[in-house]
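Okay, so here's the structure we're looking at.
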Amino acid sequence: MSAPSEETIVPPAATGARPPGRPAPSDQPLSPRNEEKARALGLTSATALVIGSIVGTGVFTMPAVLAGAGTMGIVVLGVIAVGAMLLAVLFGQLTKRVPNSDGGLYAYSRHEFGDFAGYLVGWCYWIQSWAGNAAIVSSWVFYVDALFGFTHPSGMENWGIAMVGLWVPAIVNLVGVRQMAWFQNITVVLKFLPLLFVGIVGWFFIDKANFGPFNASGGSLYSGIGIAAGVALFSFIGVEAAAVTAKRVKNPRVNVGRASLLGTALSAILYVLVTAAVMGLVSHHTLVNTGSPFVNAFESIFPHEAWAGKFIAAVAVISGIGALNGWTLIVTETSRAIAQDDLFPRPFAWADRRGTAWFGIVVGTVLPSLLMLWRYNTSAGLTVFTYLVDLTVVTVAIPYFMSAIAQLTFLVSRRRRVQGWQLARDLSVAGASVLFSMWVTFASGYQVVYQALVVILVGLILYAFLNARRQRLGEAGEPVDLPPEEPAAELSTSA
């Protein structure tokens, strides 16, 4: 039996939709014309969104962090790439199966495990999305400094630069999704070609003496893997971009899986080629002490050309804007999907006549702005970037894990429709995704896992109030409590 089409009416129990009650402001259906406008992302644009979300400014800072682990960082990057492609396949399978997949990872968990699990995943993913924007913009600032020759900017000066990187994409998204898709395609092309140049031509200029030791962490092999794993996974966050924005993708049951896998595979090839090339172009000592390693790499390829470093710095700036543009949409669509199910404050579902969730865009940009203000007043340099990376990695590993066990639950239940080798294949994908998510969390270190736990506990406080409101409105079942005890005085009298 085939899954329901978009036109099929599916009962609330199947879609995870709210029971009858007061609707969220954006629950009114769009007209066919507006629906067509809303689904503005075809396969090409959805793939560009995935690539643009993955290949952001992180790739331009990643070689410097991986060099701190040594050349083993390249191996770890390859392992993370395989795990990311497994997740891409997983999200494609889930989108085909879950009737209401708007919101991606949130929708998968809610469909399989109910409202509480859906909220928990949605909360974690929303946190990592805007915290990830802060990490991207902190890397972006390094290249703005290099482009304009800012040698020793103050923390507040860098914060001012970061505000430009955060709010320009916000304005683009406020204009509308069609303009966002066009802008996304342009920025992907502009950044992809120079990166390919380094990943291909750069190999003709590498010096083997530049490669550092296999383990440069100064500790055990495990500690080196921990250094590399965090930034490597961070650089692949975005594999789920098409799944999260399924409401904006044409024919999502087909295009979400294709765009996720194609975009992740192309990004993985580029990452490995480029990272290894940069390690061979720049001396190990220089690489571990810079926040803009591609400037040094281009200066190694063109040693007597003053424009080389400025050119790649400009490309990195454009790349960062493109990534922030895509992630601003993802932050917005994540909060919109949860709010439409009344599991998030309702203003996040407010939308204008073009279907743009303007409130979610504004809040999703204000929060990383405040986070950057705090970080630039307490630390500097790569410390800002690595802190934000670690926080983002753990909070995204939880939604990845929940999505994987949602698929695993389906496969071992009697509801599944696959048999034989297809079942073995799907179980392998789901099982490997579960182990991969657990390993990433374990490798992130105790401190960042502790910080992520605090963030989750704060989210549970918010859920308590949201759930109480839903019970009052009849949108969630109320638990049956014991009747009150009789007063002690009456008991003594009767005795």
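The values are calculated or read from the model by the stated rules, or taken from the named source; none is laboratory data. Keep in mind the model is a prediction, meaning the values are calculated, not measured. Note that each Cβ is placed from the backbone with ideal geometry, even for glycine, and that neighbours are counted across all protein chains shown.
The residue list Thr334, Thr386 contains one member that is buried (at least 24 other Cβ atoms within 10 Å of the Cβ) and among the hydroxyl-bearing types (Ser, Thr, Tyr), which is Thr334. Contact map, segment 443-468: first residue on the phi > 0 side of the Ramachandran plot, second residue at pLDDT below 90, Cβ cut-off under 7 Å, separation 6 or more or different chains; pairs are Gly445/Gly226. Considering each residue of segment 261-272 in turn, at least one proves to be of a type outside the set (A, V, I, L, M, F, W, C), under 17 Å from Thr71 (Cβ atoms), in a helix (DSSP H, G or I) and at pLDDT 90 or above. Scanning segment 477-488 turns up one or more residues that are assigned to a helix (DSSP H, G or I) and either farther than 23 Å from Asp115 by Cβ or not hydrophobic (A, V, I, L, M, F, W, C) (or both).
Out of all the residues in segment 148-158, is one or more part of a helix (DSSP H, G or I), among the small types (Gly, Ala, Ser) and buried (at least 24 other Cβ atoms within 10 Å of the Cβ)? The answer is no; no qualifying residue exists. The number of residues in segment 234-254 being surrounded by 24 or more Cβ atoms within 10 Å (Cβ to Cβ) and either on the phi > 0 side of the Ramachandran plot or of a type in the set (S, T, N, Q) (or both) comes to 3. As for segment 235-251, it holds no residue that is modelled with pLDDT of 90 or more and acidic (Asp, Glu).
Looking only at residues of segment 195-212 that are small (Gly, Ala, Ser) and closer than 25 Å to Ala314 by Cβ, we find that the one that is farthest from the chain's Cα centre (by Cα) is Gly202. Of the residues that sit in segment 92-129 and are surrounded by fewer than 24 Cβ atoms within 10 Å (Cβ to Cβ) and among the small types (Gly, Ala, Ser), which one is nearest to the chain's Cα centre (by Cα)? Ranking the candidates gives Gly92 first. Of the residues in segment 71-82, none is assigned to a helix (DSSP H, G or I), modelled with pLDDT under 90 and within 17 Å of Val434 (Cβ to Cβ). Between Phe298, Phe294, Phe311, which is part of a helix (DSSP H, G or I), more than 25 Å from the chain's Cα centre (by Cα) and either within 16 Å of Gly58 (Cβ to Cβ) or at pLDDT below 90 (or both)? It is Phe311.
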